[in-house]
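Okay, structure first, notes after.
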Amino acid sequence: MKDERSATPQADRLTIARALREMAGLLDASGQETFKARAYARGAEVLERLDADLGELVARRRLTTLQGIGPALAAMITDLYQTGRSQTLEDQRQRVPAIALELSRIPRLGLDKIAALHAALGVKTIDDLEAACVAGRVRSVKGMGEKTERRILDAIRRMRAPEAQRVLLPEALADAAALSAHLRKAPVSASVEAAGDLRRWAESLDELSLVVAADRPPDAMKHALRAPLLAEVTSRDQETFQGRLASGLSVRVQVVSRAACAPALLRATGSAAHVEHLERLARERGVRLEGESEAEIYARLGLPFIPPELREGEGEIEAAMTDALPADLVTAEDLKGLVHCHTVYSDGQDTVEQMARAADALGMEYMTITDHSPSAAYAGGLSVDRLKTQWEEIARVQERVSVKLLRGTESDILADGSLDYPDAILEQLDVVIASIHRRHRMDANQMTERLVRTMALPCFKIWGHALGRLILSRPPVECRVEEVLDAAATGRAAVEINGDPRRLDLPPRWLKAARERGLRFVVSTDAHSVGELGNVRYGIPMARRGWVRRGDVLNTRSAAEFVQAVAPAGRR
C-alpha cells in the first residue's frame, strides 16, 4: 500500500476540524439531522485535541480507532487531508446556503423564517437582520410580528455583548485539562497549575490562564507552542505567550523556572485589586513577593494563606490582617448528603434506584429526592397522587440501598408567593426546596413582595436557585435581595448554593450578605441525572467564594441532624 504520509497534506488538522464544525453547523441549521450534527461536532473536538500524527492515521486507515470517529467522518477527514476538499461538505453547502448557516445562529430562527426574511427583505447576514429589526421591517414579514422582531433583536444584542465571548466552567475546565495534559508531556520535567479566573472558580471565563514550572523553561516553551489544541499565537515574549484555542477560548500560558513558580502563580491567580494590595503591603513592609510557596509569600507579609477563591480584592486582605478571615471554609469532603436531586418522575433522566445507587457509590449518607411540583407541567411536575406513588417507590428502593432517601419536592413559588402543594402534603415531606420557574419578569416590587411572602411561610423551606439566573443567557430576577434575605433570616428558611454550572446561584456577594444575617445554606447538585451528582464540584467553590464555613452548611450534618434542621413541619 502506498504510504500517503510522503504526500504533502492539503489541509492540516485544525483546518479539517473547522470543516467538520461547519458540517455540524450546516446539519444543525437544516433542523433535520441533529444526531448527525452532534457526531460531526464530536469529530471536530477529537481532531482539535489529537496528539498523534494525523498523516499516519490517514495512511494506515486507522482513523476509526479514534473514539467518536466513524466511517463517514473518517472518509471526510481523509478527503480533506489528501485533497483539501470534501464532496460531502460541498453537497451540504448546496442544500443549506451560507445565509441559512449565518442566520441560524439566532435561536428559534428556522429555515422557513430565514427564507421568508431573505425573500421579503433581502436579509443575508446578521447585520442585515439587525438593521431590519431596528427599522421595524421584520414585523411586516408574514408569520413574524412585533414580538418575534423584538425577540430576534434581543438575541442579536446578546450575541454582540462581551458575555458572548465567555464560556462556562465545564468548557473551560475541559480545555484546561486537555492543554495541561500536553504541557505535562514536555521533554523536560514540568508541572502545570491553573491560574486566573479558573483557579478562582469564576462563574464564566473569557481567558484560560496556566502557569508552567519547568527545569528548562525554553524547552518547555517550545513544547507548549506545539499544543494540538492551540489554534494561533497572538503575542509572545520569552516567558509568556497568548493565543486562541481551537474552541475559540483565549489562552495565556506562562512558563517559568521552578524557583519562580510561586510568585508567578500568586500574581496570575489573584484579581488585579488583590495583587495590587499585596504589592502595596510588600512596599510598606520592605519585603518582596517571593518564596518557595504561596503560603510563604503571604507569611512574609504577615498574612495567613488566602485561598484562591477569595482573592478578589473585596476585603479578604483586610480580614486576614485582623484574623477575621474564615479558617474553616467548607470543602467537598465535608458534605454528607446530596440535596436537590431529580428523577424520571419529573424531568430527570434516571430512576430513584439509579440515583440512590450512585449516591451509595459516592459514599453519601443521605440524598433528597426533590422532583418538580404540579405547576411545573413543562417539567413533568408531580400531582399529589404521583407524589404518593413516588413515596412508595422510595420506600421500596430504601430496602436495597444504604444511602438514606429523603422525601421532598422542588415546589414552585407561585405568583402570589405561596407554594405549589397543600400544607397537608408539605408537612409529610422531609425537605422542601422552594424555587421560581415562571414569571421571571415581574418588576422589582412585585418580585420582592412575592419572595418575602414565601420566606414568611411557617414551613421550613430551602430557597432554590434564588435569583433564577442562567449564566450567560438569562439575567437574575429583579428584586431587593437584602429585603428578601432579611425575611428569610426572620422566617424559617435556608439558602441553596446551586451547583448546576449554568446557575451557581446565589452569587458570592449575596452569599456573604446571607451569612452576615446568620442564614444557613445547603450546597446542592440540582442533579437531573447520575452524572450531574458531581455538580457539587462547582457548588463548593461558589460557597467558598461567599466565605461560607463548614458549620454554615446544613448538608455537612448527619442525616438525622439534617432532617431535624430542614423538616417543613418543624419536627424537633
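List of remarks:
- For the Cα trace of segment 200-270, dividing Rg by the Kirkwood Rh returns an Rg/Rh value of 0.96.
- Subtracting the Cα-Cα distance of ALA282 and GLU392 from 0.36 nm times their residue separation leaves 33.2 nm of extension gain.
- For segment 511-566: relative contact order, % (alpha-carbon pairs under 8 angstrom, 6 or more apart): 38 percent
- Relative contact order, percent, the chain [alpha-carbon distance under 8 Å, six or more residues apart]: 9 percent
- Size descriptor, Kirkwood hydrodynamic radius, that averages inverse alpha-carbon separations across segment 466-547, Å: 12.9 Å
- Viscosity 1.002 mPa s, 20 °C: Kirkwood-radius Stokes-Einstein D of segment 51-118 over Cα pairs, µm²/s: 150 µm²/s
- Over 38 Å [Cα-Cα, the chain], rounded percent: 44 percent
- Counted over all Cα-Cα pairs of segment 286-420, pairs farther apart than 28 Å make up 47 percent.
- Distance-filtered residues of segment 295-313 - backbone nitrogen under 19 Å, label point 7 angstrom along ALA272 Cα→Cβ: 311-313
- Between the C-alpha center of segment 329-369 and that of segment 3-82 there is a gap of 38 Å.
- Reachable aspartates and glutamates, given that their alpha-carbon falls under 17 Å from the alpha-carbon of LYS222 and they are not under 8 places away in the same chain: ASP51, GLU232, ASP237, GLU239
- Quick note on segment 88-165: its Rg to Rh ratio, both from C-alpha atoms and Rh being the Kirkwood radius, is 0.99.
- Rg and Dmax, both from the Cα atoms of segment 4-96 and both in Å, are 12.5, 41.
- The residue list LEU506, LEU382, THR454 was ranked by how far each Cα lies along the charge dipole of the chain toward its positive end, using unit charges on Cβ atoms, and LEU382 comes out on top.
- Karplus-based coupling profile of segment 218-231, in residue order and whole Hz: x, 5, 5, 5, 4, 5, 4, 6, 9, 4, x, 7, 7, 7, with θ = phi - 60° in 6.51 cos²θ - 1.76 cosθ + 1.60 and x standing for Gly or Pro.
- Efficiency of FRET from Cβ geometry, GLN67 and GLU561, R₀ 35 Å, rounded to 0.05: 0.20
- Distance from segment 134-178 to segment 265-324 (C-alpha centre basis), Å: 39 Å
- Computed from the C-beta positions of ALA52 and ALA260 and an R0 of 56 Å, the FRET efficiency is 0.95 to the nearest 0.05.
- A cut-off of 5 Å between modelled amide H atoms, ignoring neighbours fewer than 5 places along the same chain, links ILE413 with SER435, ILE436, HIS437.
- About the Cα centre, charge dipole magnitude for segment 271-321 (Lys/Arg +1, Asp/Glu -1 at Cβ), debye: 260 debye
- Projected area averaged over orientations for segment 381-444, convex hull of C-alpha atoms, nm²: 5.2 nm²
- Interchain or long-range residues, amide H under 5 Å from ARG492's placed H: none
- Scaled radius of gyration (Cα, divided by 2.2 N^0.38 Å) that segment 362-502 gives: 1.08
- When the P(r) is computed for segment 332-566, the part past 33 Å accounts for 9% of the Cα-Cα pairs.
Readers should treat all values here as calculations from the given coordinates under stated rules, not as data from a laboratory. Here the structure is a predicted model, which means the values were calculated and not measured. FYI the Cβ positions are ideal-geometry reconstructions off the backbone, even for glycines, and counts take in every protein chain you see.
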